[in-house]
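The values are calculated or read from the model by the stated rules, or taken from the named source; none is laboratory data. Computed from a predicted structure; not experimentally measured. Quick reminder, even Gly has a Cβ in these numbers, built from the backbone with ideal geometry, and neighbours come from all protein chains shown. Areas reflect the complete protein model, heavy atoms only, side chains present, ligands, DNA and RNA absent. Shrake-Rupley method; radii C 1.70, N 1.55, O 1.52, S 1.80 Å.
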Amino acid sequence: MHICHADNFVFDLSLLFPELGLALGSAWVTALIDSCTRTVLAMVVSFESPSYVTTMLLLRECVERWGRLPEILFMDNGPEFKNVSIVLFAAYYKMALDWRPPGKPRWGAEIERFAGTVNQRLASELPGATKVLNRLRRMSKSHHPDELAVFGLQGISEILREWCYGLYDTLPHAGLHGKSPLVARGQVLRDQGARMHLSIKDDPLFPIISLAAPIGDGTAKVQAHNGVQVHNIYYWHQRFYEPDVVGTYVQVRWDPLDITKVFAFVVDEWVECQSPKLLKLRRLSEEDLCAASLEIRKGRSDYYKNRDSILTRVAEFLDGARKKGEELAALLRVKESARQFLSRSRVVWPDEEGPAGASAPTAPLPPKPIAGLKGAK
């Protein structure tokens, strides 16, 4: 775990929402691989686009599996890897960060080859593979990946973990001269030791510090009777009643997979804050809670991404309503003018009795319709 590579890639498989049978498209995979032994240290699968949240989840899983962090984390120049939360987290645990030169993918050949191997050996062999979309014009509708998708996000995540952590770890690797990552890792541990003094798995602050911070400076204002606001949701703790705390800005950390709670650093300790509106979600299982958290955050993300198009559609509707209103108003004005004109110049036939006091019109009378003529009224 001296030099490790982290990167994101699209898993070339169309996934399904099992309960409704809806095609959801392809998912993103964020992977961490050891440069020396080619061991897959951690992996995260999500529908969300790569961000600092997926990177923090990746580092958390690395510590859960191996008890420590890499000494040097090598990444590309994507915005998901250049974030204040990641920099502060790396500085706290003395993990060096390094980035590839722009336009030099060969500097991350280990992780790039791993991504190609996953898509070529695993994704292309499963039903719903999106590789056939390269020949879209030769493909019938019944063979579209969305029509053949059978896996959900949770199912494909379990398959990827079994493949990467189990099968891939035991297969011969050309970059290791025919050895498997498992054999290479065993040799390195015998030669150099496990370095147990670098373990941070038992650090009580790690589960909190490894969480993501809100966008900005990572702080939130304590509001009276409401608490701190994170992603438009208020969270409360009893310490917010203290007069010295109300109105101050506190450090906040939130869990991307559990929206029912956040952690706030109040005075001298981290406290767990709960949301009264989300108490019902505490009865859900961990998998259901993760799915609910991702769906809520994804819904908000989609809303803000499509907000311009939504506003455009609303504006177009209002313009159409205004035009229709103007047309109706003009039609009403024409009808009112015609009614007033007819009331002023009402024609009375000589053999008809008009209203009392009505005089015969001075204008020449039109010819009277002939009785019995077809179409005459």
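Filtered by the rule that a residue be exposed (fewer than 13 other Cβ atoms within 10 Å of the Cβ), in contact with a helix residue (DSSP H, G or I) (Cβ under 9 Å, 6 or more places away or on another chain) and in contact (Cβ under 8 Å) with a residue 24 or more places away in the chain, region 93-104 gives a lone residue, Ala96. The residue pairs whose first member lies in region 172-191 and is open to solvent by 80 Å² or more (accessible area, probe 1.4 Å), whose second member is outside any helix (DSSP H, G or I) and at pLDDT below 85, and whose beta carbons are closer than 8 Å, counting only pairs six or more residues apart or on different chains, are Pro172/Gly178. When region 28-44 is filtered for residues that are under 22 Å from the mean Cα position of the chain (by Cα) and surrounded by 21 or more Cβ atoms within 10 Å (Cβ to Cβ), the ones remaining, listed by number, are Val29, Thr30, Ala31, Leu32, Ala42, Met43, Val44. Being open to solvent by 80 Å² or more (accessible area, probe 1.4 Å), within 24 Å of the chain's Cα centre (by Cα) and acidic (Asp, Glu) is the requirement here; does Glu147 meet it? For Glu147, the condition - open to solvent by 80 Å² or more (accessible area, probe 1.4 Å), within 24 Å of the chain's Cα centre (by Cα) and acidic (Asp, Glu) - is met.
Which condition number does Phe47 fail, the rest of (1) open to solvent by 30 Å² or more (accessible area, probe 1.4 Å); (2) at pLDDT 90 or above; (3) closer than 30 Å to Ile215 by Cβ; (4) not aliphatic (A, V, I, L, M) being met? Just one mismatch for Phe47, condition (2). Of all residues in region 157-173, those satisfying the criterion of being touching a helix residue (DSSP H, G or I) at 6+ places or on another chain (Cβ under 9 Å) and of a type in the set (A, V, I, L, M, F, W, C) are Leu160, Trp163, Cys164, Leu171. Residues in region 189-235 that are part of a loop (DSSP other than H, G, I, E, B), farther than 23 Å from Thr55 by Cβ and within 21 Å of the chain's Cα centre (by Cα): Asn232 alone.
Within region 150-165, residues that are touching a residue at least 12 places away in the same chain (Cβ under 8 Å) and over 15 Å from Ser46 (Cβ atoms) sit with their Cβ atoms under 9 Å from residues that are in a helix (DSSP H, G or I) and open to solvent by less than 40 Å² (accessible area, probe 1.4 Å), at 6+ positions apart or across chains, in these pairs: Trp163/Val118; Cys164/Phe114; Cys164/Val118. Contact map, region 192-215: residues that are more than 16 Å from Glu272 (Cα to Cα) paired with residues that are exposed (fewer than 14 other Cβ atoms within 10 Å of the Cβ), Cβ distance under 8 Å, separation 6+ or inter-chain. Pairs shown: Lys201/Glu64. Across region 238-257, the qualifying residues are those that are assigned to a loop (DSSP other than H, G, I, E, B) and under 28 Å from the mean Cα position of the chain (by Cα), and the one among them that is surrounded by the most Cβ atoms within 10 Å (Cβ to Cβ) is Pro256. If you check Ala96, Ala129 for being within 24 Å of the chain's Cα centre (by Cα) and not charged (D, E, K, R), only one passes: Ala129.
If the condition is being open to solvent by 50 Å² or more (accessible area, probe 1.4 Å) and either closer than 20 Å to Pro145 by Cβ or assigned to a strand (DSSP E or B) (or both), then region 1-18 contributes Ile3, Val10, Asp12, Phe17, Pro18. The residues of region 58-91 that are more than 15 Å from Met43 (Cα to Cα) and in a helix (DSSP H, G or I), listed by number, are Val84, Ser85, Ile86, Val87, Leu88, Phe89, Ala90, Ala91.
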